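Student: Below is one structure. I have some questions about it.
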Amino acid sequence: MTEVQEWFEKLRVERTIKALKKNNFEAQFVEKAAHAVREIFDMIPDGATVGVGGSMTLTQIGFFDEASKHSITLLNPTPHPSIDDFLRMRREIFLADVFVSSSNAVTEDGKLCNIDGSGNRIGAMTFGPKKVILVCGVNKIVKDIDEAMKRVQNWAAPMNAKRLGLKTPCAETGVCSDCRSPQRICNTYVVTAKRPTWTQVTVLLVGEPLGL
């Protein structure tokens, strides 16, 4: 990254963090993924029950390796041998002390934009766990909700569908066709404009590209 690019990115991050705080989220910037992992576990007390939402970012930053070193109960719904166990753990996550995941997009005016197949990840972000920690690479920052929706629908969703081996049109063509596939992952659209009333939400922006 050139000096000019670093300058531009720095100002963009500063605008986004300022806007998130104005919207009552807690927000901070960490330069490296390794720093993000330390910050996450500084916010999680020993003995806590910690739920996670599907996220490439958590794997990339080494969250699961680090979690095994701490005295916490980790609720990770994937993989599970049966659909009943899978759904049971997803529901248990709503009663967790802490929920950790990522956001599909973060706008420069301080909003979170997310799309889900079943809504469990979005649901846990907004109500249930008292504390939510969202880890997002700077590649997730977009100008506004319109840009966020385009990014998620036309970029992240097709690649996630392909990554997960789903049988959706976008996993074949790379283009959203607003399909009716039973494996569609774009069923629930949620914009979190301000911090949810009963949930403490911290957004960690990491100075590296992470996730899709």
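Student: I'm trying to understand the selection: among the residues of the stretch 155-204, which are charged (D, E, K, R) and either touching a residue at least 24 places away in the same chain (Cβ under 8 Å) or surrounded by 17 or more Cβ atoms within 10 Å (Cβ to Cβ) (or both)?
Tutor: Of everything in the stretch 155-204, those that are charged (D, E, K, R) and either touching a residue at least 24 places away in the same chain (Cβ under 8 Å) or surrounded by 17 or more Cβ atoms within 10 Å (Cβ to Cβ) (or both) turn out to be Arg163, Arg184, Lys194, Arg195.
Student: Which of (1) over 22 Å from Ala193 (Cβ atoms); (2) touching a residue at least 24 places away in the same chain (Cβ under 8 Å); (3) not β-branched (Val, Ile, Thr) does Ser101 not meet, given it meets every other one?
Tutor: (1)
Student: Check off (1) in a helix (DSSP H, G or I); (2) modelled with pLDDT of 95 or more; (3) not charged (D, E, K, R) for Trp7 and give me the number that stays unchecked.
Tutor: It is condition (2) that Trp7 fails.
Student: Only residues that are in contact with a strand residue (DSSP E or B) (Cβ under 8 Å, 6 or more places away or on another chain), farther than 20 Å from Gly119 by Cα and part of a loop (DSSP other than H, G, I, E, B): list them for the stretch 172-207, please.
Tutor: If the condition is that a residue be in contact with a strand residue (DSSP E or B) (Cβ under 8 Å, 6 or more places away or on another chain), farther than 20 Å from Gly119 by Cα and part of a loop (DSSP other than H, G, I, E, B), then Gly207 is the only one that fits.
Student: Which members of the stretch 1-38 meet the condition of being surrounded by 12 or more Cβ atoms within 10 Å (Cβ to Cβ), closer than 14 Å to Gly137 by Cβ and acidic (Asp, Glu)?
Tutor: Glu9
Student: For Leu212, are the conditions met, namely being surrounded by 15 or more Cβ atoms within 10 Å (Cβ to Cβ), part of a strand (DSSP E or B), under 17 Å from the mean Cα position of the chain (by Cα) and not aromatic (Phe, Trp, Tyr)?
Tutor: no
Student: Right, Glu39: more than 18 Å from Pro129 (Cα to Cα) and out of contact with any Leu (no Cβ under 9 Å at 6 or more places or on another chain) or not?
Tutor: Numbers: more than 18 Å from Pro129 (Cα to Cα): yes; out of contact with any Leu (no Cβ under 9 Å at 6 or more places or on another chain): no.
So Glu39 fails the test.
Student: Which residue pairs have Cβ atoms closer than 9 Å, lie 6 or more positions apart in sequence or on different chains, and pair a first residue in the stretch 29-44 that is free of Cβ contacts under 8 Å to residues at least 24 places away in the same chain with a second residue that is surrounded by fewer than 17 Cβ atoms within 10 Å (Cβ to Cβ) and not in a loop (DSSP other than H, G, I, E, B)?
Tutor: Filtered contacts from the stretch 29-44: Arg38/Glu66.
Student: While we're on this one: Condition test on Glu31, is it over 30 Å from Arg90 (Cβ atoms) and more than 18 Å from the chain's Cα centre (by Cα)?
Tutor: no
The values are calculated or read from the model by the stated rules, or taken from the named source; none is laboratory data. The shown structure was predicted, so the numbers you read here are calculated from the model rather than taken from an experiment. Virtual Cβ from ideal backbone geometry, glycine too; neighbours counted across all protein chains shown.
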